[in-house]
Amino acid sequence: QKEVEQNSGPLSVPEGAIASLNCTYSDRGSQSFFWYRQYSGKSPELIMSIYSNGDKEDGRFTAQLNKASQYVSLLIRDSQPSDSATYLCAVILGGTSYGKLTFGQGTILTVHP
Amino acid sequence: KAGVTQTPRYLIKTRGQQVTLSCSPISGHRSVSWYQQTPGQGLQFLFEYFSETQRNKGNFPGRFSGRQFSNSRSEMNVSTLELGDSALYLCASSPDRSHEQYFGPGTRLTVT
């Protein structure tokens, strides 16, 4: 089992729809979770961090964390063509793991007009 | 605030050579992490430095090394380059007492 797994893509949604991206992790002791967006040919950009169970909203983005199920998700409301990118789930596994993000393989999202 | 900067942005080297990559973190950030990104393996952690000390290391051979200077700038070195070292090398900096990491633009290394 991979330490961080994302739902297989690619994911294609129409403009204006909700895109749902999912991620599971293996280490029950993990405390810090992040979503990054990476456009083709660019570096990852941090879009959300979440540390507590529940939902965290930032504009059109909502991150959801369920530590009991070892599951974190990202919802993008009112998806726009500019949201088309690879979305990377990243986790700090275990209690303290200085500076080490463990990434999922990424989900390619395409938003079509 | 200026973002993370990396130099050079592109590099072509020959198998067997060595290479040094540089990273300047966001001002005030003392933690610098390095990652390798390839299409097959994705993003993999190399090492992390804080206040000139390596605090964490990934599963890479000893040919990969790094260091951090007193101004928090960091370098990574790869000796005896192999074809499989061709990748995008990313550094990220993090503020104290935060796990959030902010990435630089990366250095694209091609080994021929």
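Residue count for the range A:1-42, restricted to those that are in a loop (DSSP other than H, G, I, E, B), away from chain B (no Cβ under 12 Å) and surrounded by 15 or more Cβ atoms within 10 Å (Cβ to Cβ): 2. Tell me, yes or no, whether the range A:98-106 has at least one residue that is within 24 Å of B:V32 (Cα to Cα) and in a strand (DSSP E or B). Yes, the range A:98-106 has at least one match. Note on the range B:38-55: among residues that are more than 7 Å from chain A (Cβ to nearest Cβ) and buried (at least 20 other Cβ atoms within 10 Å of the Cβ), the one that is farthest from A:K100 (Cα to Cα) is B:Y49.
Of the residues A:T102, A:T110, the single one that is among the hydroxyl-bearing types (S, T, Y) and within 12 Å of chain B (Cβ to nearest Cβ) is A:T102. Apart from one condition, B:G42 fits all of (1) under 14 Å from the mean Cα position of the chain (by Cα); (2) within 23 Å of B:Y10 (Cα to Cα); (3) not hydrophobic (A, V, I, L, M, F, W, C); the exception is (1). A single entry from A:L88, A:L46, A:L65 fulfils the requirement of being in a strand (DSSP E or B), in contact with a Gly (Cβ under 8 Å, 6 or more places away or on another chain) and within 24 Å of B:G106 (Cα to Cα): A:L88. For the range B:12-20, the criterion of being under 30 Å from A:Y87 (Cβ atoms) and modelled with pLDDT of 95 or more is met by none of the residues. Of the residues making up the range B:3-19, none is part of a loop (DSSP other than H, G, I, E, B), within 22 Å of A:F34 (Cα to Cα) and away from every other protein chain (no Cβ under 11 Å).
Looking at the range A:102-112, can you tell me whether even one residue there is under 29 Å from B:F47 (Cα atoms), surrounded by fewer than 21 Cβ atoms within 10 Å (Cβ to Cβ) and more than 15 Å from the chain's Cα centre (by Cα)? For the range A:102-112, residues under 29 Å from B:F47 (Cα atoms), surrounded by fewer than 21 Cβ atoms within 10 Å (Cβ to Cβ) and more than 15 Å from the chain's Cα centre (by Cα): absent. Scanning the range B:56-71 for residues that are part of a loop (DSSP other than H, G, I, E, B) and either farther than 22 Å from B:V111 by Cα or at the interface with chain A (Cβ under 10 Å from one of its Cβ atoms) (or both) yields a count of 4.
The set of residues from the range A:93-110 being in contact (Cβ under 8 Å) with a residue 60 or more places away in the chain and either at positive phi or polar (S, T, N, Q) (or both) comprises A:G94, A:T102, A:Q105, A:G106, A:T107, A:T110. Scanning the range B:88-112 for residues that are at positive phi and either more than 8 Å from chain A (Cβ to nearest Cβ) or charged (D, E, K, R) (or both) returns a single hit, B:R97. Among residues of the range A:43-92 being among the charged types (D, E, K, R) and either touching a residue at least 12 places away in the same chain (Cβ under 8 Å) or touching a Lys or Arg at 6+ places or on another chain (Cβ under 6 Å) (or both), the one that is surrounded by the most Cβ atoms within 10 Å (Cβ to Cβ) is A:D83.
The values are calculated or read from the model by the stated rules, or taken from the named source; none is laboratory data. Computed from a predicted model, the values in this text were never measured in an experiment. Note: ideal-geometry Cβ built from the backbone for every residue, glycine included; neighbour counts use all protein chains shown.
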